[in-house]
1. Give the angle, between 0 and 90 degrees and rounded to the nearest 10, that separates the Cα long axis of helix 50-61 from the longest principal axis of the Cα atoms of the chain.
2. Can you give the Kirkwood hydrodynamic radius for region 51-122, in Å, rounded to one decimal and based on Cα pairs?
3. Using label points projected 7 Å from each Cα along Cα→Cβ, tell me how many nm separate Arg6 and Ala111, to one decimal.
4. Figure the gain on full extension for Ala68 and Ile120 (residue separation times 0.36 nm, minus the Cα-Cα span) and round it to one decimal in nm.
5. Between Arg55 and Asn87, what FRET efficiency follows from the Cβ-Cβ distance if R0 is 45 Å, with the result rounded to 0.05?
6. Run the reach check for Lys173 against lysines, Cα to Cα strictly under 22 Å, same-chain hits fewer than 8 apart removed. What comes back?
7. Per-residue accessible area for Lys139 at 1.4 Å probe radius, Å² rounded to 10?
8. At 222 nm, what value in deg cm²/dmol follows for the chain if DSSP H runs of at least 4 each add -39500 (n - 2.57) and the sum is divided by all its residues, to the nearest 500?
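The values are calculated or read from the model by the stated rules, or taken from the named source; none is laboratory data. What you see is a predicted model; the values in this text were computed from it and never measured. As a convention, Cβ positions derive from the backbone with ideal geometry for all residues, glycine included, and neighbour counts pool all protein chains shown. Just the protein is used for accessible areas: all its heavy atoms, side chains included, with ligands, DNA and RNA removed. Shrake-Rupley method; radii C 1.70, N 1.55, O 1.52, S 1.80 Å.
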Amino acid sequence: SILDIRMKEGNSKKFELNGGIGTIFSRFSIEGPILKDKMSFIVAGRRSYIDVLARPILKQKYPALADAKFYFYDLTAKINYRANNKNTFFASGYLGRDVFGAGFGFDWGNATATLRWNHIFGEKLFLNTTAFYSNYTYKLAFTDESNNQGFDWNSKIINYSVKPDFSYFFNSKSTLHFGGQCIFMEFQPGNA
């Protein structure tokens, strides 16, 4: 399946700091201009902390689970640069991980980086070229501390891609979309 996520662009006029504290996770973001009305950035992150809140209870009632890990986090960043009326450039990244473990380790996550170039050829033809890298990893680990033995299993899927997309506007009712994509995929189903 394909998940198409569009990141917000940073505020090109003024700095903003946003955040929130919730019962399960907290979040923050900072955005602002690098070059006013031409270049801006945004950085955002969040982390759950149910593990931190549950630790005192687990320590008291279930000491064996006192070091349990169960949380997620993600971090996103984006820079956009409007070179002129016909060319805009974007660079963005994402890092996210889900972690679960109590006497074992189980986590998965993704790291991505994207470069994008938007170009306007004229009133009718538009180009959006995207190059991206994605690294999805999945880990499973068990350790028997009584005999100092364990099992670690890692898997990953890495993608590299370049994708030019063209849009040709015939009129207000008809648009032709065309392009291509080159993708290289590296699979590691299991490394134990």
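1. That works out to roughly 10 degrees.
2. On the way: mean 1/r = 0.0644 Å⁻¹.
One decimal place: 15.5 Å for the Kirkwood radius.
3. Each label point lies 7 Å from its Cα, and together they span 2.9 nm.
4. Values: separation 52, 0.36 × 52 = 18.72 nm, distance 5.27 nm.
Stretched fully, the Ala68-Ile120 segment lengthens by 13.5 nm.
5. Values: r = 51 Å, r/R0 = 1.13.
Given R0 = 45 Å and the Cβ-Cβ separation, E is 0.30.
6. Straight-line reach from Lys173, under 22 Å: Lys124.
7. Only protein atoms counted, so the area is about 90 Å².
8. Working: 1 runs with 12 residues, N = 192.
Value at 222 nm, helices only, nearest 500: -2000 deg cm²/dmol.
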